[in-house]
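To start, the structure itself, in structure tokens.
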Amino acid sequence: TPTFRIALIAGDGIGKEVMPEGLRVVLAAAERFGFELDCRTIEWASCDYYAQHGQMMPDDWKEQLRGVDALYFGAVGWPDTVPDHVSLWGSLLKFRREFDQYINLRPVRLFEGVPCPLAGRKPGDIDYLVVRENTEGEYTSLGGVMYEGTEREIVIQESVFSRHGTDRVLKYAYELAQSRKRKHLTVATKSNGIAISMPWWDGRADAVGRDYPDVTIDKQHIDILSARFVLQPTRFDVVVASNLFGDILSDLGPATTGTIGLAPSANLNPERKFPSLFEPVHGSAPDIYGQNIANPIAMIWSGALMLDFLTQGQGAGRAAHDAILGAIEAVLRDGPRTRDLGGTASTTEVGTAIAERVAAA
Ligand code: NAD
Ligand code: IPM
Ligand code: MN
């Protein structure tokens, strides 16, 4: 039997509540479809660990993860005790960078049975993929503060767009679009206001696109693109965006499908030189933590993406992915549902219901 080694990092807040449900479902899928998951629980990369050690991860974190095929990740952040930029730069953002997970793939889909906040929309009207650049762009720690604490205080925060980093995410997005029925790529830009990086980004989109003549593209400024996520969601198929624009779009998109509690993500190193990381789009949700009411579906769907990626979309892993998606669809249609979807079920009840359907698939 094929065996995959998974590091489980629950992190903080509801990360600790959705992780057991995600695990329950991926283990049920492994048993049902005949592969082995060799799971190792990691206690670090959490604000609890920080409270004890003064840092988010041990110095030898990379050695500890040697041989791991994927990271299954809950959420990090507990701003009451650790500033967010410290906890996130010390964990999640470090994984993305050090493991060169330059693609953040974030599917957005409206499901049957989920009330849509956009009037008149039905399943099928919202079904697109956000491809977010995940290692550079606006997310940097380059810059500084001058004349600190005075009236003249100046803050500079640099962005970084490399040709290598930009071309590879564009190439991935074009290929993904090419593999789909509509073959349409929307390029998020802001070349009217951000006068250096964004006109250059648009130029790279054209240059890379020459290799994909069958893919149609449209470039949209991020402001109107956001409006169209709400007003004209049927326009979208694959959307490629810089790190920050992609971050914003990947909360907005899921919000239009009823809740961010459904939205999964795959932080990919497509070359498989390093492990990839699979996590919900949402965070640690301190406002609902401790009540067992968080929606576990984002975590569970992320687990399905993990199994699919590990097996390169073939055989048992693809079957496991499809079975999990089918179980998610069934539970969203027939219940049980968590509170964010208007239900009263607990995190555990929803996870268990999905796991049972996967086992019976
Ligand atoms: P958040 O995603 O944690 O929560 C936003 C809102 O959505 C909250 O009202 C929350 O209750 C709700 N929500 C989120 N997930 C839900 C779920 N599964 N079911 C039901 N409701 C859900 O965003 P935030 O409040 O901006 O951030 C809280 C902390 O999480 C911060 O420390 C932030 O930095 C961190 N964060 C981490 C990640 C990550 O680890 N990938 C992502 C986003 C935010
Ligand atoms: C996400 C999160 C992270 C990001 C934060 C927690 C740093 O919002 O995964 O979308 O901005 O990438
Ligand atoms: Mn985000």
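Observations on the model:
- The modelled label-to-label distance for the pair ARG182/GLU36, using points 7 Å beyond Cα in the direction of Cβ, is 4.3 nm.
- Protection proxy ranking, highest mean first, for peptides 44-54, 218-228: 44-54, 218-228, where packing is the per-residue count of other beta-carbon atoms within 10 Å, averaged.
- Solvent-free Debye scattering, log10 I(q)/I(0), computed from the Cα coordinates of the stretch 225-309 at q = 0.26 Å⁻¹: -1.32
- The distance from the alpha carbon centre of the stretch 275-308 to that of the stretch 227-246 is 22 Å, rounded to a whole number.
- Model label points for ASP59 and ASP251, set 7 angstrom from Cα along the Cα-to-Cβ axis, are 3.6 nm apart.
- Judged by the gyration tensor of its Cα atoms, with axes a ≥ b ≥ c, the stretch 1-49 is oblate; a/c meets the 1.5 cut and b/c is at least as large as a/b.
- The length gained by stretching the chain between ARG333 and THR234 to full extension, at 0.36 nm per residue less their Cα-Cα distance, is 33.5 nm.
- Cα gyration tensor, the chain - rounded (a/c under 1.5), prolate or oblate: rounded
- Here LYS273 is the anchor, and the lysines within straight C-alpha reach of less than 17 Å, apart from those fewer than 8 places off in the same chain, are LYS62, LYS94.
- Three-way shape label, the stretch 160-253, alpha-carbon gyration tensor, a/c 1.5: oblate
- Applying 1/(1 + (r/R0)^6) with R0 = 41 Å to the Cβ-Cβ distance of GLU151 and TRP200 gives a FRET efficiency near 0.75.
Any read-out appearing in this document is the output of simple, stated calculations on the displayed coordinates, not a laboratory observation. The structure presented is a predicted model; accordingly, all values stated were derived computationally and were not measured. Cβ sites come from the backbone with ideal geometry, for glycine too, and all protein chains shown count toward neighbours.
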